[in-house]
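Coordinate-derived values only; no laboratory data. Quantities reported herein were computed from a predicted structural model and do not represent experimental measurements. Positions of Cβ are generated from backbone atoms using ideal geometry, with glycine treated the same way; all protein chains shown enter the neighbour counts.
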Amino acid sequence: MAKSLVIVESPTKANTLKKYLGAAYQVKASVGHVKDLPPRKFGVDLKKDFAPTYELIKGKKKVVDEILAAAKTAETIYLGPDPDREGEAIAWHIADVIREKSPKGSAKKAAKIHRVLFHEITAKAVKEALTKPVALDRNLFDAQQARRILDRIVGYQISPLLWDKVRRGLSAGRVQSVALRMICEREAAIAAFVAQEYWSVIAHCEGGVPPPFEAKLIEWEGKKPELASASLAAAVVQALKGAIFTLAKVIKQERKRNPSPPFITSKLQQEAARKLGFTAKKTMMLAQRLYEGVDLGTEGPVGLISYMRTDSVRIGNDAITAARGFIADRFGQEFVPASPNFYRNKKNAQDAHEAIRPTMMDHPPERVRSFLDRDAFRLYDLIWKRFIASQMVPALFDFI
């Protein structure tokens, strides 16, 4: 009986899927893209509606030959690269290669090619995705293709100018061009800013009971003080010398701070930079590893987080239920809100994937720490804590 063939991007993900799917499936890795625009030619026909010319990437012949050999004996082929624009382009090109190499006029019926979307690499999610295959998405492929063509057009026409005017070896593209404009606009705003001098007056106070505290002047002669010079501030300080300060009233307030939503890609990158000192590139590299699968000893490879490229704060019902159960067991029922916390997406969010979250509550950070290197653990710990906190009751603070 012919096996079904599953094709993913990375060998790590392929190994994880082999464990989940068993002997009925072959799993192959494309190791990224198999086709691209030619590296030393323009590759875009500007006179024919920007038609691109693709060719097999150098060094990919062995990988492609292995995929074609497996495809010959498969009745069904599932294309499972990452569920985003780049993944769709990889799937599209793999399908093209398989169709191009299929024997013409053969009595053998051609294998059915399906697209599968793995939003998390767990046994349940993978098997469920295979029961719900979809067609290749032409619109998503065209979106990636348009970006790639624009990169080539802008890069080939602007990079030579940079080499001539700035330094040879620099590159320009759609991202660098927009970033440069943003920097220029920001610099213009800084140059146009008119600085205004202001001063604050702060009294260092000490009562009969420690600790000492500071009190800031917020009203002077019946109105908000506008101290635009050192002389005005000095005059106020002089007038206050020798004055008796009286504590008229102490107001105690309890404030709630609602939990932050689970991470989207941009917020994960920001928090990893702020708290861990990671670059965006490093954050995404580590997140990709956590998503594709980490070898957990006797458990084998397990995907620890859901897909890490997302602009949505949406969380599935199963994940919310699991998180609420974990919080009740670990911290107590009083930390579980009466109803689940839901968060609103921004208006322009595509909402194609869930927020970034742990795949299972069975793998808290302390349990998997010995299987992760230091940086991967720190990132997983950050994602875990943010997700768990997002489903807890608001924090309470006392303010005086």
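Remarks
- Angle in degrees between helix 317-330 and the longest Cα principal axis of the chain, rounded to the nearest 10: 50 degrees
- At q = 0.12, 0.16, 0.20 Å⁻¹, base-10 log of I(q)/I(0) for region 4-136 (Debye sum, equal scatterers on each alpha carbon): -0.48, -0.82, -1.18
- Gaussian network model of the chain, Cα within-10 Å springs - most flexible of D49, D318, D96: D49
- When the pairs K35/K112; K58/K267; K124/K281; K112/K281 are compared against a 25 Å limit on Cα-Cα distance, K58/K267; K124/K281; K112/K281 fall above it.
- Diffusion constant of region 165-254 at 10 °C, which comes from Stokes-Einstein with the Kirkwood Cα-pair radius and 1.306 mPa s, µm²/s: 85 µm²/s
- Once the Cα atoms are used to define both axes, helix 174-192 deviates from the longest principal axis of the chain by about 10 degrees.
- With the Kirkwood sum run over all distinct C-alpha pairs, region 202-248 has a hydrodynamic radius of 12.2 Å.
- Highest-MSF residue in the chain out of P133, P225, P52 [GNM, Cα springs under 10 Å]: P225
- Cα convex hull, region 292-376: 123 Å³ per residue, rounded to a whole number.
- Residue order for T131, T53, fewest other beta carbons within 10 angstrom first, comes to T131, T53.
- Relative to one another, the C-alpha centroids of region 374-400 and region 156-220 are positioned 29 Å apart.
- Listed from fewest to most Cβ neighbours within 10 Å, the set D45, D151, D398 follows the order D398, D45, D151.
- Once C-alpha pairs closer than 8 Å and six or more residues apart are averaged by separation and normalised to the residue number of region 265-399, the relative contact order reads 29 percent.
- Distance from region 234-265 to region 47-82 (C-alpha centre basis), Å: 64 Å
- Relative contact order (%) - criterion: Cα under 8 Å, at least six apart; region: the chain: 14 percent
- Shape of region 144-192 from the C-alpha gyration tensor: oblate (a/c of 1.5 or more and a/b not above b/c, with a ≥ b ≥ c the square roots of its eigenvalues).
- The long axis of helix 11-21 is offset from the longest Cα principal axis of the chain by roughly 70 degrees.
- Seen from every direction in turn and averaged, the convex hull around the alpha carbons of region 105-187 projects onto 11.3 nm².
- 32 Å tail of the calculated P(r), the chain, as % of Cα pairs: 55 percent
- Cβ crowding within 10 Å, taken as a proxy for footprinting-reagent exposure, orders I305, I251 from fewest neighbours to most as I251, I305.
- Candidates P38, P364, P210, ranked by Gaussian network fluctuation over the chain, Cα under 10 Å, top entry: P210
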